[in-house]
Amino acid sequence: MVVAPCPLCVPQDEARVWQDQSCRIILVNDPDYPGFCRVIWHDHVAEMSDLSSQEQQHLMRVVLATEQALRALMKPDKINLASFGNQVPHLHWHVIPRYREDAHFPESIWGRRQRESRPVLAPEREALTHWIASALGHPGKPTGSIMV
């Protein structure tokens, strides 16, 4: 039996916003949810408890900095944070700006569609990078390029 490589270990066509030695933040290409970010731990681990206490704190700081940046730039009604890993067992967090008028609200974005969504503009990648780096108090490696 051939096992496919982990898509988060071998990234392709990622719109990277920011990264450091431990994790990276990418913009997810979802027209219904502009600004949807994924925070991905670089090492292949499945659970938060696989990380040391210091690594857990670092990852959560990055997730919360992403939330703060999206709140400041997009003014959503709500931010959804989710970490599942059921389909891709590689530690990552979804950070999703939500609006009462979006396609699934109040359901999760993976729930039953409620309506057609209204267009919302995604934040400029450079602005998002700046906000995240400022919230973390260090620049990491901001990147405006798409990784292939």
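Taken together, the values in this text are just the output of simple stated rules run on the coordinates, not laboratory data. The shown structure was predicted, so the numbers you read here are calculated from the model rather than taken from an experiment. Heads up, the Cβs are rebuilt from the backbone with ideal geometry, glycines too, and the neighbour counts pull from every protein chain shown.
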**OP:** Select one label from (1) -0.49, -0.98, -1.20, -1.30; (2) -0.57, -0.96, -1.10, -1.17; (3) -0.65, -1.10, -1.21, -1.25: the one whose number is log10 I(q)/I(0) by the Debye sum over Cα atoms at q = 0.12, 0.17, 0.19, 0.20 Å⁻¹ as derived from the coordinates shown.
**Re:** (1)
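Nearest 500 deg cm²/dmol is fine: what mean residue ellipticity at 222 nm does the chain get from its DSSP H runs of n ≥ 4 alone, each adding -39,500 (n - 2.57), divided by its residue count? Don't skip to the answer; put the middle values down first.
Details: 2 runs with 34 residues, N = 148.
Helix contribution divided over all residues of the chain: -7500 deg cm²/dmol.
Sort VAL45, VAL17 so the one with the fewest other Cβ atoms within 10 Å of its own Cβ comes first. Before the final figure, lay out each step's value.
Values: VAL45 15, VAL17 27.
The most exposed by this proxy come first: VAL45, VAL17.
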Subject >> Cysteines without a disulfide-compatible neighbour (Cβ-Cβ under 4.7 Å), the chain >> reply: CYS23, CYS37
Original post:
Counting alpha carbon pairs within less than 8 Å and at least 6 residues apart, what relative contact order, in whole percent, applies to the stretch 20-147?
Top reply: 27 percent
